[in-house]
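Right, one structure below, let's go through it.
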Amino acid sequence: MCFEIAEAVRYMFEREGSDLERLLTVRIDARTGEVGSLLPRRGLRPLELLPNGQSPAAAFIGISRDAAEAIFLVSSEVSAVGGDGAARDDAGSCRLVALAPNQAETFLYRPDGRTYGVELLRIGGVATAERPALQ
């Protein structure tokens, strides 16, 4: 999944115009877990695996340029995606999914056959600091 995350971050820089400070300082609040028993998680940072490291169905990777949506990278181990999210990749393969607050997405995770969900509650903590000068 590390390669997938790196590719998604590259995609965000090229496609979304995200800057490094925005990508690394944003936080989200979400409810996540197995469908039917979602639990709140506060202050999730980019590159956190959802619902957890044992069943990494998706990873939160950052936000859209206007900070209106959280962007998630869907694991190649997910066989079905459904919900309110919008596919953000050119191929329409649902590898990148965007959620606005109060939207939810489900992921059928092939290795354990369970369906996991993410419901975005809030996007926050976006820094506006300027990029430090390179020496």
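The values are calculated or read from the model by the stated rules, or taken from the named source; none is laboratory data. What you see is a predicted model, and the numbers here were worked out from it, not measured in a lab. FYI the Cβ positions are ideal-geometry reconstructions off the backbone, even for glycines, and counts take in every protein chain you see.
Conditions (1) within 15 Å of residue 109 (Cα to Cα); (2) among the polar types (S, T, N, Q); (3) at pLDDT 90 or above, marked per residue:
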{"site": "24", "(1), (2), (3)": "no, no, no"}
{"site": "30", "(1), (2), (3)": "no, no, yes"}
{"site": "34", "(1), (2), (3)": "yes, no, yes"}
{"site": "37", "(1), (2), (3)": "no, yes, yes"}
{"site": "40", "(1), (2), (3)": "no, no, yes"}
{"site": "48", "(1), (2), (3)": "no, no, yes"}
{"site": "51", "(1), (2), (3)": "yes, no, yes"}
{"site": "59", "(1), (2), (3)": "yes, no, yes"}
{"site": "65", "(1), (2), (3)": "no, no, no"}
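Restricting the search to strands (runs of 3 or more DSSP E) fully inside the range 21-74 and requiring at least 1 residues that are loosely packed, with under 14 Cβ neighbours inside 10 Å and not aliphatic (A, V, I, L, M) gives 39-44. Whenever a residue of the range 99-119 is of a type in the set (A, V, I, L, M, F, W, C), its partners that are part of a loop (DSSP other than H, G, I, E, B), lying with C-beta atoms within less than 7 angstrom and at least six residues away or across chains, give the pairs 99/69; 99/84; 99/85; 100/68; 100/69; 104/84.
Exactly one residue among 105, 7, 16 is among the charged types (D, E, K, R) and modelled with pLDDT of 95 or more, and that residue is 105.
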